[in-house]
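Input: a single structure, listed below in structure tokens.
Just so it is clear, none of the values below were taken in a lab; they were calculated from the coordinates. Everything quoted here is computed from the prediction, not taken from an experiment. Note that each Cβ is placed from the backbone with ideal geometry, even for glycine, and that neighbours are counted across all protein chains shown.
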Amino acid sequence: MDMRQALERLCTCTAPSGFEAPAAAVAAELLRPLVDEVSVDRMGNVLGVRRCGKEGAPRLLLDAHLDEIGLLVTGVEDGFLRFRSIGGVDPRMLPGRELVVLTDPPRRGIVTCPAGGEADKSIPLSELFVDVGLSQTEAERAVPVGTPMVYRGGCFALGEDQMCGKSMDDRSCFVTLLRAAELLRDRELDVDLYLLGSTREEVSGAGATVGTWAVQPDFCVAVDVTHGKTPDGPADKAFAIGGGPAIGVGPNMTRWMTDRMLAKAKERQIPYQLEVMSGHTGTNGWEMQISREGVATSVLSLPLKYMHSPIEVLSLADMEQVAALLAAFTEGLGKEAARRGENCWSACVRLTPCPAGRTRCAPSSWRRWSHTQTGCGWTLWAT
């Protein structure tokens, strides 16, 4: 696949948190040729599944979110729009920026540049407005309260390997999921592979919460961006553009999953960096990990300069390496999990086949599980 073209299509979409439908439609279209089935749930999540054909196979869920940060209209004052942020908007990015106001049809807007003020301080959102070139009456009629707005633009080449634009966070990582699925297209798998383009990560993680609950995976990998190195940034909290994916290491990642990610990178000679995550990872990995009775979790990140700005920058080579590592991690995962006595839990259990064709496991202290969706039941024995 042409990752550059896929990235351009997705990043051109205007899809802030809670309004992801345009990006979801493109994501579903790109995903459909690579999987057996594609669906969109009530939260707007796009989910594709490639089944391995083995009865009772464990499930691997790979996630990248589709939403972007944005703004939300809260009122009109003298024809200018007041607003609040959707997600982590940096106020320093706003004065003088061109916006797309998502009315029907969409219209352009410009964030005002207030006169005066201190040059070395950002202007609070409460002191900024959006100019849409309308009178008070016209603006009230054309732009209802609750209308979302996003940075205007798509993405473009920056040098030979890098791409620049808005909403690379995290649509670039969804493109790596597509590329990983393409790399695995002719490979035999021992897990059912689920690819999730989740919604609302920038505001709550609700999309990943719902999507993970629905899939009931045994393993999951959250694929998101991390801060890329720049001369003015902290060297110990940023990662080299072109240095390969950053593998998350910390207490909220399942250790054997992290070890496998590292081993596969070394085995396939994929360059990588280590990202120490001592607490909350700031990704959907948190929501996925605590779904239902818990899910074995890994976090893989793509270095990105100028995060949450309209000029985010990444390396296409890094994207290819993220995809290659995801593909390598997926192959043979079921076999390794079985060898380790892992399924969705560290506890080793054995179970009778489920009449509904589903296989699950649970802590050894549990003796029986009732399948709530089909009404069937099966017995679990601790080994």
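Structure data summary
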| quantity | calculated |
| --- | --- |
| Peptide ranges 44-50, 104-110 listed from the most packed, as the mean C-beta count within 10 angstrom indicates | 44-50, 104-110 |
| Cα lying deepest toward the dipole's positive end in the chain, options C52, I110, S172, charges on Cβ | C52 |
| Sorted by Cβ neighbour density within 10 Å, fewest at the top, the residues H308, H65, H280 | H280, H308, H65 |
| Helix 21-31 axis, angle to the chain major axis (alpha carbon atoms, nearest 10°) | 40 degrees |
| Under-15-angstrom lysine pairs by C-alpha in the chain, whenever the two are 8 or more apart or on separate chains | 6 |
| Answer label for percent of Cα pairs over 35 Å apart (calculated), chosen among [x] 33; [y] 29; [z] 25 | [y] |
| Of S126, V73, L189, farthest towards positive along the dipole that unit charges on Lys, Arg, Asp, Glu beta carbons give the chain | L189 |
| Long-range amide H partners of A296 with built H, under 5 Å | C220 |
| Size of charge dipole - region 70-151 - debye, nearest 20, with Cβ of Lys, Arg +1 and Asp, Glu -1, no other charges | 200 debye |
| Check: region 216-343 dipole with +1 on Lys, Arg Cβ and -1 on Asp, Glu Cβ, in debye | 300 debye |
| Residue-averaged 222 nm ellipticity for the chain, from DSSP H runs of 4+ at -39500 (n - 2.57), nearest 500 | -7500 deg cm²/dmol |
| Degrees separating the helix 206-215 axis from the principal Cα axis of the chain, which is the longest one | 20 degrees |
| Trypsin sites (Lys or Arg not before Pro) restricted to DSSP loop in region 115-180 with at most 15 other C-beta within 10 Å | K121 |
| Ranked list, fewest to most other Cβ atoms within 10 Å of each Cβ, for I247, I69 | I247, I69 |
